[in-house]
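So the structure is just underneath, and the comments pick up after that.
A short reminder: the numbers here are calculations on the coordinates, not readings from a lab. Values in this document were obtained by computation on a predicted structure and should not be read as measured data. Ideal geometry is used to build each Cβ from the backbone, glycine not excepted, and the neighbour counts take in all protein chains shown.
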Ligand SMILES: [Ca+2]
Ligand SMILES: [Ca+2]
Ligand SMILES: [Ca+2]
């Protein structure tokens with residue numbers, strides 16, 4: 001008996017020591033950013049992999065159909081295949097803006113980019129608290145049009161450059177964009193609002209959609225009760241399918257509730273294909289589009305396949321997780337309060353019907369909530385509960401592979417940041433304290449923080 005007690009005591013000591021050892025700043029599973037749906041691709045295909053496990057053969061079939069559709073170039077009707085482009089459009093394919101399922105390219109000085117468009121509107125709210133259309137232009141500027149019609153306008157960017165210094169004296173430069181709407185097909189009314197939107201990676205969306213509403217709401221702190229300067233607010237948006245207000249998760253202002261509605265809106269607004277969720281051409285109510293034909297151009301089955309594709313794009317694994325500098329950078333990420341918005345870890349809901357998404361620990365580094373990011377980032381165009389200064393915390397998973405996938409590291413809602421450091425330096429509002437702490441860091445701390453971010 002005594003021997004047994006000693007033995008158990010010994011085991012207890014050994015196992016608690018082992019526990020001690022794993023409670024360093026490294027969690028065993030954090031390598032697997034997408035839980036079981038993590039892939040180990042680090043090259044240009046890092047954002048383009050299918051869920052590796054637990055997909056039914058029907059789901060795989062739909063994923064593949066959606067995959068092909070994502071690359072498809074749509075053309076003007078009538079045509080035997082892939083018809084329905086326009087009359088107004090931004091691009092001919094999803095992949096034109098989501099290069100390799102990632103970001104497109106940000107516009108250069110004086111020019112424009114397909115992957116960045118303007119959402120537009122006028123002050124006020126529609127019946128559901130959403131943005132009002134800009135008469136003659138709708139909710140988005142489409143610069144392109146099919147034969148015989150005119151694109152709505154050109155959108156060009158101009159940058160001004162601003163210098164700053166870190167506390168250690170190291171200089172940096174930021175570029176501030178301003179946009180012009182040139183050659184509109186009809187004059188623009190006086191008090192229009194616009195919001196620039198740069199494309200984003202589309203992997204991991206199914207997992208983000210599978211986080212319970214309750215989890216998101218738990219992280220809200222509307223009145224900043226803990227007095228840390230950070231509030232966090234869920235957006236509530238009009239859910240067309242459910243015909244009620246539900247939490248928004250997708251888009252830079254979390255203005256879209258589900259993957260399906262995001263995909264349907266992209267087909268309709270960006271490419272010009274009507275579908276059962278958005279049955280009218282995007283040129284509805286415009287003078288040059290009288291008597292347009294609003295028959296459904298994208299079948300329900302193709303729309304569902306496209307949503308299945310987006311839901312089941314896997315998450316790339318982290319790299320160098322046990323590197324001491326990366327671990328130090330992770331501590332700095334916590335110390336600088338980045339984790340308060342870019343919440344590292346979530347768990348997805350239990351989902352018997354879709355086991356591939358069920359009950360997974362994932363590391364997206366977002367709260368999917370809205371935050372006041374200060375006047376420098378403000379677009380001043382509200383979207384439901386998202387005010388002019390508010391943006392959704394974007395997920396940071398995969399950010400370190402941006403260069404490998406898209407050959408650039410342009411970030412933020414308008415692509416103004418040319419690297420991760422600039423993205424941090426633009427933080428303001430609720431994230432002011434984080435920015436100040438970043439500017440105070442020594443060069444080696446900044447390097448460690450960036451190494452950590454590049455390991456995501
Ligand atoms: Ca069309
Ligand atoms: Ca439009
Ligand atoms: Ca707070």
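Scanning the range 169-182 for residues that are touching a helix residue (DSSP H, G or I) at 6+ places or on another chain (Cβ under 7 Å) and either surrounded by fewer than 13 Cβ atoms within 10 Å (Cβ to Cβ) or not in a strand (DSSP E or B) (or both) turns up just one, 170.
Annotation: of all residues in the range 126-143 being in a strand (DSSP E or B) and in contact (Cβ under 8 Å) with a residue 12 or more places away in the chain, the one that is surrounded by the fewest Cβ atoms within 10 Å (Cβ to Cβ) is 138. Tell me, yes or no, whether the range 144-156 has at least one residue that is buried (at least 23 other Cβ atoms within 10 Å of the Cβ), farther than 30 Å from residue 347 by Cβ and more than 23 Å from the chain's Cα centre (by Cα). Yes; the residues of the range 144-156 include at least one that is buried (at least 23 other Cβ atoms within 10 Å of the Cβ), farther than 30 Å from residue 347 by Cβ and more than 23 Å from the chain's Cα centre (by Cα). The helices (runs of 4 or more DSSP H) located wholly in the range 374-440 that include 1 or more residues which are closer than 20 Å to residue 336 by Cα occupy 420-425, 432-440.
If you check 286, 269 for being more than 24 Å from residue 71 (Cα to Cα), within 14 Å of ligand 1 (Cβ to nearest atom) and touching a residue at least 40 places away in the same chain (Cβ under 8 Å), only one passes: 286. Close contacts from the range 219-237, counting a first residue that is without any contact (Cβ under 8 Å) to a residue 40 or more places away in the chain and a second that is more than 16 Å from ligand 2 (Cβ to nearest atom), with Cβ to Cβ under 6 Å and a gap of 6+ residues or different chains, come to 221/231; 221/232; 222/231; 222/233; 224/231. Looking at the range 153-164, can you tell me whether even one residue there is part of a loop (DSSP other than H, G, I, E, B), closer than 24 Å to residue 253 by Cβ and in contact with a strand residue (DSSP E or B) (Cβ under 7 Å, 6 or more places away or on another chain)? Looking through the range 153-164, at least one residue is part of a loop (DSSP other than H, G, I, E, B), closer than 24 Å to residue 253 by Cβ and in contact with a strand residue (DSSP E or B) (Cβ under 7 Å, 6 or more places away or on another chain).
I need the full set of residues from the range 63-94 which are within 13 Å of residue 313 (Cβ to Cβ) and touching a helix residue (DSSP H, G or I) at 6+ places or on another chain (Cβ under 7 Å), in order please. Listed by number, the residues that qualify are 63, 66, 67, 70, 94. Right, residue 206: under 27 Å from residue 297 (Cβ atoms) and within 16 Å of ligand 1 (Cβ to nearest atom) or not? No, not satisfied.
Scanning the range 100-121 turns up no residue that is in contact (Cβ under 8 Å) with a residue 40 or more places away in the chain, closer than 26 Å to residue 192 by Cβ and within 16 Å of ligand 1 (Cβ to nearest atom).
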